[in-house]
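Right, one structure below, let's go through it.
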Amino acid sequence: MKKTLPIIIVLIVIAGIFIVIGITNKGKQGSQRRVAVIPKGTTHIFWESIRRGAERAGAEAGAKIFWNGPEREGNREMQIQIVEDFITQKVSGIVLAPIDDKALVPSVEKIFDANIPCIIIDSGIDTDKYISFIATDNYKGGVIAAERMGKILNGKGKIVVVKYAPGSASTTKRENGFINTIAENFPEIEIVDTKYGMDTVETSLQATEDLLTKNAELDGLFACNESTSVGALRALQSQGRAGKMKMVGFDAGGLLIEGVKTGAVDSLVVQNPYKMGYEGVKALIATLDGKKIDRRIDTGVVLVTKENLETPDIQALLKGTHQ
């Protein structure tokens, strides 16, 4: 018995150590912050770049990122349900890109009422119940597109605009920035028609084909986001008008970048979605740490042309790694 007593004591001590370690680890797991990131959609490259940025910020902070959004960008009901689910789960915070600046207001106010901090990214919302709005200066993006169109058309011509969808605050500001700047600075450029492309490449393709068929003599086209730009490019290609009409698009993707290289697309106004996702989660973590966050954070926008496409900064931006 005397010989076995020290062994028993050692085993008890070891067991105690493992119990303490287990309790400590459980405590760490229980205190890990859970951040929900809800995009407008999950199909386009733009949102995948936001996801990468959000996940990097989460990894740096030791937070767990829950990524969930509608597959199709126009599905307001689905996004509202996803918000409701995360409120029920009592996540630590929510980063949201609202599909509609009015339809999502009750959801954002429910987040606020549940004492869950909320960061808005990409597109604005018609309520003040959030911590910070982190996005492109979309009106400025539209101005940049208009200035480019005016330059490449030498200040005169007929053009059309492929809009995105009613209720999308971000794209509405781009459209307004473009239309207002053309009217103010280029009086000899006439916007002869506009049409909503809605939330898929296919619907944007059809909308652009309708515009091209209705207006035989056109000099240029502006499309205001990734899906409308891809749809517009495909329509121009199918009708043999790519490169003949000057196209200025918004956002970037493989087909659009290839279009810039070949001249089918003159230029693209490009956001920094990676930074948007990164700064969104970073701001949320800072809020949870009790730090004060700027109410508005501009993530930047640049014009990509054939001339600057291969520069290091533009390449980093297009690969979704530029902060």
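The values are calculated or read from the model by the stated rules, or taken from the named source; none is laboratory data. No experiment lies behind these values; they were computed from the predicted model shown. Ideal geometry is used to build each Cβ from the backbone, glycine not excepted, and the neighbour counts take in all protein chains shown.
Before moving on, here are some points about what is shown:
- Of residues in segment 282-323 being in contact (Cβ under 8 Å) with a residue 24 or more places away in the chain and of a type in the set (Lys, Arg), the one surrounded by the most Cβ atoms within 10 Å (Cβ to Cβ): 282
- Any hit, segment 146-164, residues being within 22 Å of residue 41 (Cβ to Cβ), in the same structural domain as residue 228 (by TED's automatic domain parsing), in a loop (DSSP other than H, G, I, E, B) and modelled with pLDDT of 95 or more: yes
- The condition of being of a type in the set (Asp, Glu) and at pLDDT 95 or above does not hold for residue 199.
- Residues of segment 226-279 that turn out to be among the aromatic types (Phe, Trp, Tyr) and in contact with a strand residue (DSSP E or B) (Cβ under 6 Å, 6 or more places away or on another chain), as a count: 1
- Residue, nearest to residue 301 (Cα to Cα), within segment 161-185, restricted to residues that are of a type in the set (Gly, Ala, Ser) and touching a Lys or Arg at 6+ places or on another chain (Cβ under 7 Å): 177
- In the condition set (1) in a helix (DSSP H, G or I); (2) in contact (Cβ under 8 Å) with a residue 40 or more places away in the chain; (3) closer than 21 Å to residue 73 by Cα, residue 178 is compliant with all but (3).
Per-residue answers, yes or no, for (1) in a loop (DSSP other than H, G, I, E, B); (2) hydrophobic (A, V, I, L, M, F, W, C); (3) modelled with pLDDT of 95 or more:
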residue	(1), (2), (3)
207	no, yes, yes
221	no, yes, yes
234	no, no, yes
237	no, no, yes
249	no, no, yes
268	no, yes, yes
282	no, no, yes
315	no, no, no
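- Exactly one residue out of 294, 266 is more than 26 Å from residue 117 (Cβ to Cβ) and of a type outside the set (Ser, Thr, Tyr), and it is 266.
- Members of segment 99-122 found to be without any contact (Cβ under 8 Å) to a residue 60 or more places away in the chain and part of a loop (DSSP other than H, G, I, E, B), listed by number: 104, 114, 115, 116
- Within segment 58-94, the residues that satisfy the criterion of being farther than 16 Å from residue 122 by Cβ and touching a strand residue (DSSP E or B) at 6+ places or on another chain (Cβ under 6 Å) are 58, 63, 64, 65, 66, 86, 91, 92, 93.
- Test: residue in segment 219-230 that is without any contact (Cβ under 8 Å) to a residue 60 or more places away in the chain, of a type outside the set (S, T, N, Q) and under 12 Å from residue 160 (Cβ atoms): no
- Scanning segment 204-242 for residues that are of a type in the set (D, E, K, R) and over 23 Å from the mean Cα position of the chain (by Cα) yields 209, 210, 214, 217, 219, 241.
- Considering the conditions (1) surrounded by fewer than 17 Cβ atoms within 10 Å (Cβ to Cβ); (2) among the hydroxyl-bearing types (Ser, Thr, Tyr); (3) closer than 16 Å to residue 144 by Cβ, residue 238 is excluded by exactly one of them, (3).
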